[in-house]
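Engineer: Before we start, here is the structure in question, set down as structure tokens.
The values are calculated or read from the model by the stated rules, or taken from the named source; none is laboratory data. Remember, it's a predicted structure, so these values are computed and weren't measured experimentally. Every residue, glycine among them, receives a Cβ derived from its backbone with ideal geometry; neighbour counts consider all protein chains shown. Please note that ligands, DNA and RNA were not included when accessible areas were found on the heavy atoms of the full protein model with its side chains. Shrake-Rupley method; radii C 1.70, N 1.55, O 1.52, S 1.80 Å.
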Amino acid sequence: MSESPGAGLRGRSRLGGPDIVRIAFLVALLAVALAFPVLFPSPVATNYGVFTLVFVAVASAWNVFSGFSGYISLGHAVFFGSGAYALGIAARDWHVTGVATFGLLPLSAAVGALIAVPFGLIALRVRRHTFIVITIAVFFIFQLMAYNFSFTGGSTGVDAPFLPWPAATYNNPFYYISLGCAVGMIALAWLIRRSRFGLQLRAIRDDEDRARGLGVHAMRVKLTAFVISAAVTGLVGAVWFFYLTQVQPPSGFDPLFDLSVVLMAFLGGLGTVAGPVLGALIIEPGQLYLTVTFTNGYFSEILLGALFLVAVLLVPRGIIPTGGEYLRRLTTRGRSAIPAANPASQSAPASTGPRSDEGAMREGGASKGARRRAGKAL
Amino acid sequence: MRPHLPWLPSRTLALVGAAVLAASAVAACSSSSSSTTSTSSTSSPSSKAPITIGASLSLTGDFSADGQAYQKGYELWAHDVNAHGGIMGRQVKLTILNDNSSPTQVDTNYTTLISSDHVDLVFGPFSSLLTTPADSVVAHYGYALVEGAGGAPTVFDSPANEADHNIFDVSLPIKDEMVPFVNYIASLPPSQRPKTAAYPMADDPFADPPVQLAQQELQALGVKTVYSKIFPEEVADYKAPADDVAASGAQIVVLGSTDVPTVSAFMQAFEQQHYTPKLFIAAAGPDQGAAFISVVGKGNAEGMMVPDGWYPGYDNAASKAVVNEYVAKYGGTPSGVNADVAEAYSVGQVMAQAVTATGGTDNAKIIAYLHSGVTLTSVQGPVKFDSLGENGASAAFVFQWQDGGTEFNQVLPSSAAGSVPIIATKPAWTS
Amino acid sequence: MAREIYQAIVDGILIGGVYALMAVGLTLIFGVLDIINIAQGIMVILGAYLSYELAARLHIDLFVGLLITVPAMFVIGVVIQWVFIRPLRGRERTSMTLLVTYAVALIIEGILYQTFGADDRQLSASYVISSVHLFGFYLPYIYLYGFALALALVAALYTLLYRTSFGRSVRATMQDETAARLVGIDTNRVAAITFGIGVAVTAAGGMVYGATNAFDPNSGYDLISRLLAIIILGGLGSIGGALAASIFMLTLESLVDIWQPTWAIVVFYAALVLVLLIKPTGFFGRQAVRAQ
């Protein structure tokens, strides 16, 4: 699913031939996803499905903030865990049991959003590396608070209400709910990307000072993306919790959670809509499967690390952009490299060899900030 | 100015490096992955179908030391059972999956084991933290979850267990752990009784309840509490809380620990502060045998106490046989055998007795049988489950390292069979 | 009560020295290469294991063993930087370096598990458990030596940075990499050597950490987040800042330990957030030169 290069700049693109193919492809994909539990009724398959879709939604939500704005967050586990705890605590204190617990899911989204506001106001005032470390610091503060407070159950955590459903179909409702969350998030990401809001985000990523100079309310834009990202992450965290039936401080606030999400988004392509989806589809089931198959744990760690390295080095811009460029190279072979008046044509000369970092600019034109950053590569 | 190296070759170099690592890891993996997954003796070919048993263990991650000890225990049991002709003539085939100490992986593992591998029975994972997510899968399939490491109250109170009553913990319920110790203090004449006590506890549902109970009871006996604080489990440095305990000068230290590093950190800080408590008991750590001694040293281990339901010197024929078998296979001394091994072995034994008694691997029948009030045997002693799955028949003992840190002996209750005299005052630290 | 407070301050300074040893390398890498080295935590543990092996097999004293482990770690650092980090360029460089250093950490952790197993270890020596009695406090020798080592290393690094031509190249690269290249500095070499130095210093930190804590291959994770907090607080690239921040944070934590240990670490991170709100570049950080 490669993006049409100038789509973001022009706003709405008119529907053409390739778009119809793309839409048909998406519809087919959706149909398969919907029919998945029917096609593969084994609980193992739907188990993989639930966890995978949870991470598809999370990776997509994370990317809408971090990928689009360039502020790498290593603290999204805060929202994930808070959403999980919110559902558990509400169910416990309001004596909600059984299927009714699903009705509390919006609460988790709200909790995620609410936490994101002060979190964002504090963290988004600083730049890059400091931002990353602040997100890490806030993450640990939340994990430790989960340990320390009694209403979160301390080191014991919180249990979810028991659902006395038959084992063969137990996973299915969770599968559909997480599918709904994932599809909704993808659609939201797509809408944001095509909108002016998305453009402002990417302007911030390219050069924040310049964007400010051009009239973008940076803090407001960043915070909005942060809150949206947080709400969905919280929602999905609650789904994950209910499925697993338990959350404890180290599992709800898992330090490796964010790094996995970064890898997923990165592998697929930061800043694209389909990238994180693809990344999650590859990594989450892959990780589960590898651990089951290669049970001699230490080698699976080395293998995992080596695979990460291969992924980062082989597809440094992510699978989707690299794949899209490769396809474009194939289809434009023999034709003039510079089509009429297309600002994204800079990608064409770059495809002959990764010589310079300007080649990394897929769209939006090379800005002074980007070139300055390109020079910093060490 | 040196020419800027072209980008392509350095990236290639990096890729090659990564690919080599990946390939070697895969090669090593596939050559050794089969060695940990199943144990089946082929000495007595049986025409009957094997009994398949699945378990998820923490072979890597936070709980890896204990997870691996459990793996040895399960495998030792399976090996012994098969060497004796299996259960009801059927060989046991054990499949162990690694969960990396992660609840998500535990969920997937048990789903895979039951739904894809179609195992007949399951054993539990290591740690109270992973037993609840395991049970939420296992309960829905109606399987019994026999385990030895999920003893915290939260495990038995979990919604799944309250609904299906399928958890069975063969080990000592943790809240009874410190009772023999408290009784010992009570048995001392008031003039000889220690006056002050400190209770540092790790933030863990396994470590805290017994220490807090001990605090209550000792206070009632007139022992003054001079320190009682909970510290985070994952703290990178224990020196400050340990120094505070040392500064309190408490005569008794009851440490709510879950692993060896916590105990060794406190011991080291005490030594640096030239402070030796008269009595030092830890909830876990000193019972890990060689893993404990190698970190703290024999001399310092002298006098350290720990409560448990079993120890390698337990005067029980089956237990001694297992200990000797373990030492023959893995080396070391009997005192060096980790208590986890016996716990895991007992899980297997209980399951075997249930299968034999019910004539098959019908989990519903097994659950009913285990709840029927019958008393079973294990290397850890008698096993009898109450309605929540706790083992009410197990007795708590307190053990102490003696003879210069070379012997791990049973000391309390002093009247119990097999108890030796307790070292009433911990000797000063040695370097 | 007063005694407890003094003890806490003493503890904070002593433990802060240990953390400074571990953090100084990290901040140097940050300052020059502009990357977050997530593998730093596992490097500390690797250093600890190397010291352990030298002590256990060859009976080499822990501090003497540093003469071997420090150069060894230097070489390891240079190799890692040259092979895996240098090729990373482009806009996504931040995420790439995060992922690559994380991957390197995973690989090293797996190798350590494979080689040494999951059981805990601790470095021991006569001066690890003995202490000197001063002003009514017991000061363990290992912490005193560790603190002295930290001061010595900080001084050595300052000398390197401010009194040698190599140091000038490093500072120039820290300030503006393109300009440095324009005046003829081989920034690739500077980067590789600096990374190597950063990792080499960690060997010392690993030895002292391994002597004061039982460790296993999994111990690296808890460390890296605290080290990151310390260097951000001290100011990215500021070596003296790393030392000051270590002592500050650990003293604060020890003081809170008196009241409630479970809140001590929260205070640690909350203090970081608070300071950054007031001064986003940390104690001694320079004004942010880079855009974003």
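Engineer: Work through the residues other than C:Leu161 whose Cβ is under 13 Å from its Cβ and net out their charges, Lys, Arg +1 and Asp, Glu -1.
Structural biologist: Working: positive: C:Arg163, C:Arg168, C:Arg171; negative: none.
Residues close to C:Leu161 contribute a combined charge of +3.
Engineer: Need one value: the accessible area of B:Lys365 in square angstrom, 1.4 angstrom probe, rounded to the nearest 10.
Structural biologist: Its accessible surface works out to 110 Å², give or take rounding.
Engineer: By average Cβ neighbour count within 10 Å, what is the ranking of B:78-91, A:87-100 from highest down? Intermediate values should be presented prior to the final figure.
Structural biologist: Working: B:78-91: 17.9, A:87-100: 16.1.
So the order, starting with the most tightly packed, is B:78-91, A:87-100.
Engineer: Output the antiparallel fraction of DSSP beta bridges having both residues in the protein assembly as shown, as a percent to the nearest 5. Provide the component values of the computation, followed by the final result.
Structural biologist: Working: 19 of 48 bridges.
About 40 percent, rounded to the nearest 5.
Engineer: What's the average, rounded to a whole number, of partner chain beta-carbon atoms within 10 Å of each residue's beta-carbon in C:204-213?
Structural biologist: Values: counts 0, 0, 0, 0, 0, 2, 0, 1, 7, 9.
Counting other chains' Cβ atoms within 10 Å and averaging over C:204-213 gives 2.
Engineer: Related question: Among B:His274, C:Ala39, C:Thr27, which residue has its Cα furthest toward the positive end of the charge dipole of the protein assembly as shown, with +1 on Lys/Arg Cβ and -1 on Asp/Glu Cβ?
Structural biologist: Going by the Cα projections, it comes out as C:Thr27.
Engineer: Using a 7 Å offset from the Cα along the Cα-to-Cβ direction at both A:Met145 and B:Lys175, what is the distance between the two label points in nm, to one decimal?
Structural biologist: 3.1 nm
Engineer: What FRET efficiency do you get for B:Lys195 and B:Ala321 if R0 is 45 Å and r is their Cβ-Cβ distance, rounded to the nearest 0.05? Can you show the working numbers first?
Structural biologist: Numbers: r = 45 Å, r/R0 = 1.00.
It comes to 0.50.
Engineer: Please report, in debye to the nearest 20, how large the charge dipole of the protein assembly as shown is about its Cα centre when each Lys and Arg carries +1 at its beta carbon and each Asp and Glu carries -1 there. The partial results should precede the final answer.
Structural biologist: Values: 64 positive and 71 negative charges, 1177 e Å.
Roughly 5660 debye, rounded to the nearest 20.
Engineer: I would also like to ask the following. For B:Arg193, what charge total do you get from the other residues with a beta carbon under 14 Å from its beta carbon, if Lys and Arg give +1 and Asp and Glu give -1? Before the final figure, lay out each step's value.
Structural biologist: Numbers: positive: B:Lys195, B:Lys224, B:Lys278; negative: B:Glu217.
Overall, the nearby charge balance is +2.
Engineer: Out of A:Thr233, A:Ala160, A:Ala146, whose Cα points farthest toward the positive end of the dipole of the range A:48-254 (charges: +1 Lys, Arg; -1 Asp, Glu; placed on Cβ)?
Structural biologist: Sorting the options by dipole projection puts first A:Thr233.
Engineer: Which whole-angstrom value gives the distance between the alpha carbon centres of the range B:220-266 and the range B:113-178?
Structural biologist: So the two Cα centres are separated by 31 Å.
Engineer: Normalising by the residue count of chain C, find the relative contact order in percent from Cα pairs under 8 Å and 6+ residues apart. Before the final figure, lay out the partial values.
Structural biologist: Details: 444 pairs, mean separation 109.7, N = 292.
Relative contact order for chain C comes out at 38 percent.
Engineer: From the helices alone, meaning DSSP H stretches of at least four residues, give me the mean residue ellipticity at 222 nm for chain B, per-run term -39500 (n - 2.57), in deg cm²/dmol to the nearest 500.
Structural biologist: Details: 15 runs with 177 residues, N = 431.
Taken over chain B, the calculation gives -12500 deg cm²/dmol.
Engineer: Okay, moving on. Roughly how big is the range C:25-218's charge dipole about its Cα centre, with Cβ charges of +1 (Lys, Arg) and -1 (Asp, Glu), in debye to the nearest 20? Don't skip to the end; give the middle numbers.
Structural biologist: Working: 11 positive and 11 negative charges, 130 e Å.
Dipole of the range C:25-218, to the nearest 20 debye: 620 debye.
Engineer: Over the range A:48-254, what is the relative contact order in percent, taking alpha-carbon pairs closer than 8 angstrom and at least six residues apart?
Structural biologist: Across the range A:48-254, relative contact order equals 47 percent.
Engineer: When only Cα pairs under 8 Å and 6 or more residues apart are kept, what is the percent relative contact order across chain B? Intermediate results must be reported in sequence, preceding the final value.
Structural biologist: On the way: 846 pairs, mean separation 67.3, N = 431.
Computed over chain B, the figure is 16 percent.
Engineer: Among B:Tyr330, B:Val355, B:Pro307, whose Cα projects farthest towards the positive end of the dipole of the range B:306-372, with charges put on the beta-carbon of Lys, Arg (+1) and Asp, Glu (-1)?
Structural biologist: Final value for the positive-end residue is B:Val355.
Engineer: Measure off 7 Å from each Cα along the Cα-to-Cβ vector at A:Thr322 and C:Phe137, then give the distance between these two points in nanometres to one decimal.
Structural biologist: Result for the modelled spin labels: 5.4 nm.
Engineer: Turning to a different aspect of this structure: Can you compute the charge dipole magnitude of the range C:172-283 about its Cα centre, using +1 on each Lys and Arg Cβ and -1 on each Asp and Glu Cβ, nothing else charged? Give it in debye, rounded to the nearest 20.
Structural biologist: Details: 4 positive and 7 negative charges, 40 e Å.
That gives a dipole near 200 debye.
Engineer: Shifting gears a bit: Top mean-square fluctuation among C:Gly237, C:Gly90, C:Gly198, Gaussian network model of chain C, C-alpha springs under 10 Å?
Structural biologist: C:Gly90
Engineer: Please compute, for peptide B:62-69, the average count of beta-carbon atoms on other protein chains lying within 10 Å of each residue's beta-carbon. Present the calculation step by step, with values, prior to reporting the outcome.
Structural biologist: On the way: counts 4, 2, 9, 6, 1, 2, 4, 2.
Partner-chain Cβ atoms within 10 Å, mean over residues of B:62-69: 4.
Engineer: If you take the beta carbon distance between C:Leu58 and B:Asp362 as r and set R0 to 60 Å, what does 1/(1 + (r/R0)^6) give as a FRET efficiency, to the nearest 0.05? Could you put the intermediate results ahead of the total?
Structural biologist: Values: r = 59 Å, r/R0 = 0.99.
For C:Leu58 and B:Asp362, the calculated efficiency is 0.50.
Engineer: Counting other Cβ atoms within 10 Å, which chymotrypsin sites (Phe, Trp or Tyr not before Pro) in the range B:129-235 have at most 16 and lie in a DSSP loop? Please list the in-between numbers first.
Structural biologist: Details: sites: B:Tyr141, B:Tyr143, B:Phe156, B:Phe168, B:Phe181, B:Tyr184, B:Phe206, B:Tyr227; in loops: B:Tyr141, B:Tyr143, B:Phe206.
Passing sites in the range B:129-235 do not exist.
Engineer: Rounded to a whole number, what % of the accessible area of the range C:25-218 do carbon and sulfur atoms account for, probe 1.4 Å?
Structural biologist: Working: 4150 of 6380 Å².
Roughly 65 percent of what the probe reaches on the range C:25-218 is carbon or sulfur.
Engineer: Around C:Phe116, with a cut-off of 15 angstrom between Cβ atoms, what is the net charge of the other residues, counting Lys and Arg +1 and Asp and Glu -1? Spell out each step's value before the answer.
Structural biologist: Working: positive: C:Arg57, C:Arg121; negative: A:Glu301, C:Glu53, C:Glu109, C:Asp119, C:Asp120, C:Asp216.
Overall, the nearby charge balance is -4.
Engineer: Give the average, rounded to an integer, of partner chain Cβ atoms located within 10 angstrom of each Cβ in B:261-267.
Structural biologist: Numbers: counts 8, 1, 1, 4, 4, 0, 1.
Whole-number average of other-chain Cβ neighbours for B:261-267 is 3.
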